[in-house]
Amino acid sequence: AQSVTQLDSQVPVFEEAPVELRCNYSSSVSVYLFWYVQYPNQGLQLLLKYLSGSTLVKGINGFEAEFNKSQTSFHLRKPSVHISDTAEYFCAVSGAGGYQKVTFGTGTKLQVIP
Amino acid sequence: DTAVSQTPKYLVTQMGNDKSIKCEQNLGHDTMYWYKQDSKKFLKIMFSYNNKELIINETVPNRFSPKSPDKAHLNLHINSLELGDSAVYFCASSQPPGGSKHFGDGTRLSIL
């Protein structure tokens, strides 16, 4: 079994400031990790994913995340946010390899303040 | 071309009615899913099909019955709708292993 914890339900940040959205996971097996973004009235869209290899993963829209196995974390970062980044962000985890069920976190609402 | 399309986008109906939601993907993926997102944005998997076969059924009431006529389609039929069924239902597809999910835009179901 696996689980995902997104400790921050809401993160307000000023435009052009950096942001970090936290994600911690637990799993007894190797994992794949994902970050999705959901804009209002839309489905989820993949930002980035970690399957293997380099622990620093770059995604779309200037986002990146770092897989830290010892801290079981996969925090999402962006050096300078825009108003258009205002959305709900979901971290997700699955077991690695073959078909595995994906578990989503409860989401973090990023509110960019002009 | 929309990768994952689901219809209808909005569904308003009365308690006790039966309704269906349709989903189609043109990505050639083998696996399709139904998720329920509640008012607090919590996303919970309901069903997953791989090549038309049910592989996940997450303690969903029997009133919910998925059907996959082929691997590009996954429909959801709901009998005897209840107030608690009000939510946004998302269809998604992916290509395991490690494939990211592609989501439809959701069906907003409101029970009166």
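Kindly indicate the residue of the stretch B:19-46 that is among the basic types (Lys, Arg) and modelled with pLDDT under 95 and also nearest to B:GLY99 (Cα to Cα) among those meeting that condition.
Here the answer is B:LYS44.
A quick yes/no check of all residues on (1) free of Cβ contacts under 8 Å to residues at least 40 places away in the same chain; (2) away from chain B (no Cβ under 14 Å); (3) crowded, with 17+ Cβ neighbours inside 10 Å:
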site: A:TRP35; (1), (2), (3): no, no, yes
site: A:TYR50; (1), (2), (3): yes, no, yes
site: A:GLY59; (1), (2), (3): yes, no, yes
site: A:SER70; (1), (2), (3): yes, yes, no
site: A:SER84; (1), (2), (3): yes, yes, no
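Can you pull out the residues in the stretch B:46-62 that are part of a loop (DSSP other than H, G, I, E, B) and in contact with a strand residue (DSSP E or B) (Cβ under 6 Å, 6 or more places away or on another chain)?
Scanning the stretch B:46-62 gives B:LYS52, B:GLU58, B:VAL60.
Of everything in the stretch B:1-45, what is basic (Lys, Arg), within 21 Å of A:VAL102 (Cβ to Cβ) and assigned to a loop (DSSP other than H, G, I, E, B)? Give them in sequence order.
Selection gives B:LYS40, B:LYS41.
Go through the stretch B:82-100 and report how many residues are out of contact with any Gly (no Cβ under 6 Å at 6 or more places or on another chain) and more than 7 Å from every other protein chain (Cβ to nearest Cβ).
12
A quick yes/no check of all residues on (1) crowded, with 20+ Cβ neighbours inside 10 Å; (2) free of Cβ contacts under 8 Å to residues at least 60 places away in the same chain:
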{"residue": "B:SER39", "(1), (2)": "no, yes"}
{"residue": "B:LEU43", "(1), (2)": "yes, yes"}
{"residue": "B:GLU53", "(1), (2)": "no, yes"}
{"residue": "B:GLU58", "(1), (2)": "no, yes"}
{"residue": "B:PRO61", "(1), (2)": "no, yes"}
{"residue": "B:SER65", "(1), (2)": "no, yes"}
{"residue": "B:SER68", "(1), (2)": "no, yes"}
{"residue": "B:ASN79", "(1), (2)": "no, no"}
{"residue": "B:PHE90", "(1), (2)": "yes, no"}
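For the stretch A:86-114, name all the residues that are out of contact with any Lys or Arg (no Cβ under 8 Å at 6 or more places or on another chain), aliphatic (A, V, I, L, M) and facing chain B (nearest Cβ under 9 Å).
A:ALA92, A:ALA96
Are any of the residues in the stretch B:4-18 surrounded by 14 or more Cβ atoms within 10 Å (Cβ to Cβ), at pLDDT 95 or above and small (Gly, Ala, Ser)?
Scanning the stretch B:4-18, I find at least one residue that is surrounded by 14 or more Cβ atoms within 10 Å (Cβ to Cβ), at pLDDT 95 or above and small (Gly, Ala, Ser), so the answer is yes.
Restricting to the stretch B:47-65, name every residue that is within 12 Å of chain A (Cβ to nearest Cβ), modelled with pLDDT of 90 or more and under 30 Å from A:SER9 (Cα atoms).
Once the filter is applied, which keeps residues that are within 12 Å of chain A (Cβ to nearest Cβ), modelled with pLDDT of 90 or more and under 30 Å from A:SER9 (Cα atoms), the stretch B:47-65 yields B:PHE47, B:SER48.
Among the residues of the stretch B:35-53, which ones are under 13 Å from the mean Cα position of the chain (by Cα) and more than 18 Å from A:CYS91 (Cα to Cα)?
B:MET46, B:PHE47, B:SER48, B:TYR49
For A:GLY107, which of the numbered conditions (1) exposed (fewer than 12 other Cβ atoms within 10 Å of the Cβ); (2) on the phi > 0 side of the Ramachandran plot fails to hold?
(1)
Tell me yes or no: at least one residue of the stretch A:3-18 is within 14 Å of chain B (Cβ to nearest Cβ), closer than 18 Å to B:GLY99 by Cα and within 11 Å of the chain's Cα centre (by Cα).
No, every residue in the stretch A:3-18 fails to be within 14 Å of chain B (Cβ to nearest Cβ), closer than 18 Å to B:GLY99 by Cα and within 11 Å of the chain's Cα centre (by Cα).
Go through the stretch A:83-104 and report how many residues are at pLDDT below 95 and not hydrophobic (A, V, I, L, M, F, W, C).
Number satisfying all stated conditions: 8.
Can you find a residue in the stretch B:80-92 that is modelled with pLDDT under 95, touching a Pro at 6+ places or on another chain (Cβ under 9 Å) and either in a strand (DSSP E or B) or charged (D, E, K, R) (or both)?
Looking through the stretch B:80-92, none of the residues is modelled with pLDDT under 95, touching a Pro at 6+ places or on another chain (Cβ under 9 Å) and either in a strand (DSSP E or B) or charged (D, E, K, R) (or both).
The values are calculated or read from the model by the stated rules, or taken from the named source; none is laboratory data. As the structure is a computational prediction, the values presented were derived from the model and not from experiment. Neighbour counts run over all protein chains shown; Cβ positions are idealised from the backbone, glycine included.
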